[in-house]
Amino acid sequence: MKILIVLTYYHPHISGLTIYVERLVRSLARKGHHVTVLTSRFDSTLRLHEIMDGVNVVRHPVAFRCSKGVIMPGFLAHALWLMMCHDVTSVHLPQAEGGALAFLGRLLARKPVVLTYHCDLQLPPGLFNRVVDRMVFASTMLAGLFANRIVAYTQDYADNSPFLARFLNKIRVIYPPVEMPLPDPCAVVALKVRHHAEGCPIVGFAARFAEEKGIDYLIDSIPLVAAQFPDVRFFLAGDTDRVIGENVWERLQPRIEANRRQIKILGAIPNREMGNFFGACDLLIVPSINSTESFGLVQVEAMLCGCPVVASNLPGVRVPVQVTGMGEIVPIRDGRALADAIVLVLRNRESYIKPRPQIAGTFELSNTVATYEKLFAECIESG
């Protein structure tokens with residue numbers, strides 16, 4: 001099949017969405033499909049066109065940035081031309097052009113369009129961002145009307161999303177693509193030594209510093225956990241001050257400094273080394289606060305490395321813990337509840353750990369890719 005994937009940001013931008021798409025397209029290309037990714041040239045130093053892991057990556061020039069979005073004159077015409085050269089278009093939402101892309105694909109290119117809905121969009125406070133929110137939601141609704149099928153991560157999230165709940169007859173639930181190598185014991189020890197955490201309980205966090213990730217409540221929990229485990233360390237991995245449209249890193253500096261003894265800032269870690277990070281952690285926390293988080297890939301990645309999870313009680317986000325039993329679920333925006341769950345898991349860690357084959361059997365990358373292949377083929381066949 002000739003498959004066109006359209007999304008706003010792609011590698012080297014790092015987010016759950018970009019990691020999802022990168023794993024999916026790389027796997028599809030390995031299976032012999034012709035895959036093209038159309039995305040933004042959000043950084044002017046990036047090449048307009050290159051082949052990455054067998055995938056044809058096309059980046060459209062950006063005129064300027066608007067909050068987390070980008071303005072790209074000529075993008076829709078570029079997309080239409082590529083749609084006509086491919087068998088099926090896979091549009092990854094949220095993105096402002098979603099409605100127009102689905103319209104162009106179905107009515108002008110006359111090719112099937114499959115949406116993958118990664119999360120609801122919730123921009124930071126402000127009148128301008130509220131206007132953008134409403135415009136993007138209207139575009140997303142249009143995309144839902146024209147799309148052949150819509151992929152959701154979980155039925156839990158689909159039932160609770162203001163968008164997905166309106167199109168349940170089009171939903172196909174597909175777990176996200178997860179892959180994570182086993183930790184290297186030597187690298188795990190080296191990581192602990194480097195950050196002076198040998199013999200200390202280690203609580204991990206792996207996400208970019210963005211408002212929706214709940215880092216405020218993570219920091220709220222630290223003194224409470226330290227009261228029970230004085231030598232606890234919090235390893236925070238992810239982009240800090242280079243996060244598009246965010247100022248969380250700058251805003252939280254005084255609080256981070258106040259907890260400097262417990263907090264270790266690791267920065268962005270290459271995906272190939274994330275297994276060692278999870279291997280060093282006694283548990284991982286996902287304290288997200290709203291529906292811009294729909295699953296949390298890092299949860300399953302951590303579980304594959306033998307690391308239990310404490311996750312927020314959000315639709316979709318709670319599913320990995322519910323399915324595997326490998327962790328605890330806590331109320332959102334509650335630092336004390338988060339601390340209590342961290343202490344509980346640290347004290348009873350072994351009882352939470354499940355065999356890697358059991359986790360891998362539930363969240364199998366090959367199953368995700370095969371289900372996408374089947375869905376694309378069905379849509380092409382039905383027109």
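Every read-out reported here was derived from the displayed coordinates using simple, explicitly stated rules and does not represent laboratory data. Everything numeric here is computed off the predicted structure, so don't read it as measured data. Virtual Cβ from ideal backbone geometry, glycine too; neighbours counted across all protein chains shown.
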- Message: Between ASP241 and ARG347, what's the calculated FRET efficiency when r is the beta-carbon distance and R0 is 25 Å? Round to 0.05.
- Response: 0.10
- Query: In Å, the Kirkwood hydrodynamic radius of the range 91-222 over pairs of distinct alpha carbons?
  - Reply: 18.0 Å
- So what J values fall out for the range 311-320 if you push phi through Karplus, 6.51 cos²θ - 1.76 cosθ + 1.60 with θ = phi - 60°, rounded to Hz, Gly and Pro as x? 10, 5, 7, 10, x, x, 5, 7, 5, x
- Would you compute, from DSSP H runs of 4+ residues alone, the mean residue ellipticity of the chain at 222 nm, taking -39500 (n - 2.57) per run and dividing by the full residue count, rounded to the nearest 500? -11500 deg cm²/dmol
- Query: Considering only the chain, what is the antiparallel percent among its DSSP beta bridges, to the nearest 5?
  - Reply: 15 percent
- Environment charge of SER27, counting only residues whose C-beta is closer than 12 Å and scoring Lys/Arg +1, Asp/Glu -1: -1
- Considering only DSSP states other than H, G, I, E and B, which trypsin sites (Lys or Arg not before Pro) in the range 289-383 qualify as loop sites with at most 16 other Cβ atoms within 10 Å? ARG333
- Cα centroid separation, the range 318-383 to the range 52-88 (Å): 32 Å
- Determine one quarter of the surface area of the Cα convex hull of the range 185-362, which equals its mean projected area, and express it in nm² to one decimal. 9.4 nm²
- What is the fewest-to-most order of ILE71, ILE174 by other Cβ atoms lying within 10 Å of their Cβ? ILE71, ILE174
- Query: So which trypsin sites (Lys or Arg not before Pro) in the range 239-285 are both in a DSSP loop and have at most 10 other Cβ atoms within 10 Å of their Cβ?
  - Reply: ARG260
- Task: Using the structure shown, select from LYS192/LYS354; LYS31/LYS213; LYS2/LYS170; LYS192/LYS213 the pairs with a Cα to Cα distance greater than 29 angstrom.
- Result: LYS31/LYS213
- Query: Long-range amide H contacts for MET52: which residues qualify at under 5 Å (H placed 1.01 Å from N, peptide plane, sequence gap of 5 or more or a different chain)?
  - Reply: VAL57
- State the percent of C-alpha pairs, over all pairs in the chain, separated by a distance greater than 27 angstrom. 48 percent
- What are the extents of the Cα atoms of the range 305-347 along their three principal axes, listed from largest to smallest and rounded to whole Å? 26, 24, 13
- Determine, at each q value in 0.19 (inverse angstroms), the log₁₀ of I(q)/I(0) that the Debye formula gives when each Cα of the range 74-125 is one equal point scatterer. -0.60
- Query: Does the range 292-383 come out rounded, prolate or oblate by the C-alpha gyration tensor, with a ≥ b ≥ c the root eigenvalues, rounded set by a/c under 1.5 and, if not, prolate when a/b is larger than b/c and oblate if not?
  - Reply: oblate
- Mean projection of the alpha-carbon convex hull of the range 5-164 over all orientations, in nm²? 9.3 nm²
- How would you rank CYS66, CYS186, CYS305, CYS379, going from fewest to most other Cβ atoms within 10 Å of each one's own Cβ? CYS186, CYS66, CYS379, CYS305
- Query: Per-residue HN-Hα couplings for the range 15-21, Karplus 6.51 cos²θ - 1.76 cosθ + 1.60 at θ = phi - 60°, whole Hz, x for Gly and Pro?
  - Reply: 7, x, 5, 5, 5, 4, 5
- Rounded to the nearest 0.05, FRET efficiency between ASN259 and ALA360 (Cβ-Cβ, R0 35 Å) equals 0.50
- Task: Would you mind checking which residues have amide H under 5 Å from CYS305's amide H? H placed 1.01 Å from N; only 5 or more apart, or other chain.
- Result: none
- Residues HIS195, HIS13 in order from fewest to most other beta-carbon atoms within 10 Å are HIS195, HIS13
- Task: Could you pull out every residue, at least 5 positions away or on a different chain, whose amide H is within less than 5 Å of the one on GLU328? Hs are placed 1.01 Å off N in the peptide plane, and Pro or chain starts have none.
- Result: VAL309, VAL310, ALA311
